[in-house]
Amino acid sequence: MGSWFNRHAISQRARSLIVVCTGLHFGARSFCNKLNNGIALKDKRLVRFDRNLIDMFALHVLLQQCAKRRCLLIGKGYHGLVIHLGLATDTITCNILINLYTKCGMNDCARHVFDAMPFRSIVSWNTMIVRYTCNGDDLQALKLFSRMHQEGTQMSEFTLSSTLCACAAKFATTECKQLHTIAIKLALDSNSFVGTAVLDVYAKCNMINDACLVFERIPEKTAVTWSTFFAGLVRNGLHEFALRLFQSSQREGVQLTEFTLSAILSTCASLALTIEGIQLHAVIFKYGFHGNFFVASSLVDVYARCGLIEEAYLIFADMKHKNVVVWNAMITSFTRHGNFWEAMILFEKMQQAGISPNEVTYISMLSVCAHVGLVEEARCYFSLLISDHTVERNVLHYSCMVDVLGRSGKTDEAWELIQLMPFEPTASMWGSLLGSYRKYRNIGLARLAAEQLFKLEPENGGNHALLSDVYAATGSWENAVLAKEVSEW
C-alpha cells in the first residue's frame, strides 16, 4: 500500500504498548500526539502521514531507547513506521537503526539496512565494523574496511583502531602493516587510540621490536597504552625489561590499572621474584585492587610459583567473592606443588559454591589424575566435561585423557579414544602414547604411533630415539640399532 494503511493500525492500545514497553511515558505520548496531527484524511477508512508534520527527533529518541534497552520487537515496530514515513533513506535514521540491530545481536538486519542506504556516513561504517569486531566476525570487519577504502570514504581514528582490533584477533600481520601505512599517510599514527591498536597487533604477532618503535612514537600515552605494552612485553618473554619499565613508569606517575598489575604480576611469577611480588602485593592493597578477580588470581600464581603455597591460599581464602578464574588459579597452584588431593577437594568446593568449571578447570583436574594415576576419577571428570554443554571441548582435554590411560597401561583404550575424538591428534599426544607403549611393550601400536609422529615432526630425531627405546624394551635389538642410527643422522 506504500504509505497508506488502515487508521486502526495505530490504535490507542498500540500507542499504550509503545509507551509501556519503552518506558518513555512523556516522550512516547508526545510522539503519538504529533503522529495524530500528521494524519491527513483520505476517506473514512484510509489515512496518510504528512511527513513534514512528524517529529523526527522524537522518533530518533524512541529508537535510541529501544537500542539502549535491547527492545528488538518494539524497535522493529518503529522501523516499520520509518519505512511508512519514507525515512528509510535518511542517513541519521538508518544509523540509529543499525545501532539498534547490532546491539540486539541482529547483525544481518543491520547489514541489510546498511546495504540499502543511498549515502553512508563515517558513523555508518564505524558502527558496522565495530560490531563485527565485537562479535568475533573479524573477517567481515576487514572486508568492510577494504570496501570502505575502495569507495574512497574518509576514515577516522575510530575506524582504524576498530579494524586493527580485528587484525589483532586474526593475527593478520600483513593487513596490520597496510593499516599502519594508511595511518601514517593520514597523520593518525600519533593518535593514542590508533597507536595503541597498532602496538597491540605487533605485540600479538611477535613483532615486539616494531611494537617498541610504535610505543616510543606515541606522544601522549594513556593508561591503556602502557598496559597494552606491558602485556605485549610479557607475551614475548621480555619479563625483565617489562619490570624495569614498570618501575620507571611508576616514578613518572603513570596511572595504575588492573591490566598493568596483572601483566607485571605475571612477570614476577615467571621469574619467581618473591620480593618484587610482595612489594606489588603491598601496592595492590594500598590502591584497592585486592578485590579484582584478575589481579587476585595473578597474585595467587606469584606466591605459588615462588613456593609460598600457604600464602597463596590465604589470599584465595580472604576473597569474599571468587569467580572461576580465581578458583582455577588456586587449583592449578595446588597441582603444581603436588597437592593433588587438595586440588580435588577444592574442585568439589567450587561446585558447591555454585561456580561452574570451564575449559581450564577440566584440564587441571585431568592433569591431576594423570600425575597420580587416578583412572576412574579421570573418567568421571571427562564424563562431566562431555555432559557439560556450556564448556567447549578442545584437543588438550583429550590429550590429558590419553595421557591418563597411557600411563595406567590402558593403551588400547587410549588408541581408541584418539581414533574417536573430533580433533586431529597432536605430536605431543602421539609422543605420550609412544612413551606408554615403551613402558608396557606394545610394539604393534608403537610402530603406528611412531609413523604418525614422524609425519608431524620429520626433523625431530628424538622421536626415532624414543622408538629405538621401545624396540630395546621388547628385545628387538636390530630394529633398535636401526632406529638409533636414524635419530643420529
(message) Of everything in region 45-80, what is at pLDDT below 85, over 16 Å from THR93 (Cβ atoms) and either part of a helix (DSSP H, G or I) or not hydrophobic (A, V, I, L, M, F, W, C) (or both)? Give them in sequence order.
(response) ARG45, ARG48, ASP50, LEU53
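Would you pick out the residues in region 143-164 that are open to solvent by 10 Å² or more (accessible area, probe 1.4 Å) and within 20 Å of ASN191 (Cβ to Cβ)?
The first filter runs over region 143-164 and keeps only residues open to solvent by 10 Å² or more (accessible area, probe 1.4 Å), leaving 143, 145-147, 149-158, 161-162.
Hits for region 143-164 are PHE145, HIS149, THR153, GLN154, MET155, SER156, GLU157, PHE158, SER161, SER162.
Do the conditions hold for GLY136, that is, is it modelled with pLDDT under 90, open to solvent by 20 Å² or more (accessible area, probe 1.4 Å) and more than 21 Å from THR228 (Cβ to Cβ)? Write out each step before concluding.
Working: modelled with pLDDT under 90: yes; open to solvent by 20 Å² or more (accessible area, probe 1.4 Å): yes; more than 21 Å from THR228 (Cβ to Cβ): no.
Spelling it out, it is not the case that GLY136 is modelled with pLDDT under 90, open to solvent by 20 Å² or more (accessible area, probe 1.4 Å) and more than 21 Å from THR228 (Cβ to Cβ).
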(message) Show me the helices (runs of 4 or more DSSP H) entirely contained within region 407-489 in which 2 or more residues are open to solvent by 30 Å² or more (accessible area, probe 1.4 Å) and modelled with pLDDT under 65.
(response) 477-487
(message) For a quick check of your reading of the model, give me the residue pairs whose first member lies in region 278-302 and is closer than 18 Å to ASN323 by Cβ and open to solvent by 40 Å² or more (accessible area, probe 1.4 Å), whose second is of a type in the set (Phe, Trp, Tyr) and at pLDDT below 95, with beta-carbon atoms closer than 9 Å and at least 6 apart or on different chains.
(response) PHE294/PHE259
(message) Quick check on region 348-358. Is at least one of its residues part of a helix (DSSP H, G or I), under 14 Å from ALA304 (Cβ atoms) and not small (Gly, Ala, Ser)?
(response) no
(message) Please count how many residues of region 81-98 are modelled with pLDDT under 85, open to solvent by 30 Å² or more (accessible area, probe 1.4 Å) and outside any helix (DSSP H, G or I).
(response) 1
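Tell me the residue from THR228, THR222 that is under 25 Å from the mean Cα position of the chain (by Cα) and crowded, with 20+ Cβ neighbours inside 10 Å, please.
The conditions single out THR228.
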(request) Go through region 390-401 residue by residue and tally those that are open to solvent by less than 70 Å² (accessible area, probe 1.4 Å) and either at pLDDT below 90 or hydroxyl-bearing (Ser, Thr, Tyr) (or both). (result) 2
(message) Looking at region 219-234, can you tell me whether even one residue there is out of contact with any His (no Cβ under 7 Å at 6 or more places or on another chain), without any contact (Cβ under 8 Å) to a residue 40 or more places away in the chain and on the phi > 0 side of the Ramachandran plot?
(response) no
(message) If I filter region 368-388 for residues that are outside any helix (DSSP H, G or I), open to solvent by less than 70 Å² (accessible area, probe 1.4 Å) and under 29 Å from GLU310 (Cβ atoms), do I get at least one hit?
(response) yes
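The values are calculated or read from the model by the stated rules, or taken from the named source; none is laboratory data. Model, not experiment: these values are computed from the prediction. When we count neighbours, we look across all protein chains shown, and the Cβ atoms used for this are built from the backbone with ideal geometry, even at glycine. Please note that ligands, DNA and RNA were not included when accessible areas were found on the heavy atoms of the full protein model with its side chains. Shrake-Rupley method; radii C 1.70, N 1.55, O 1.52, S 1.80 Å.
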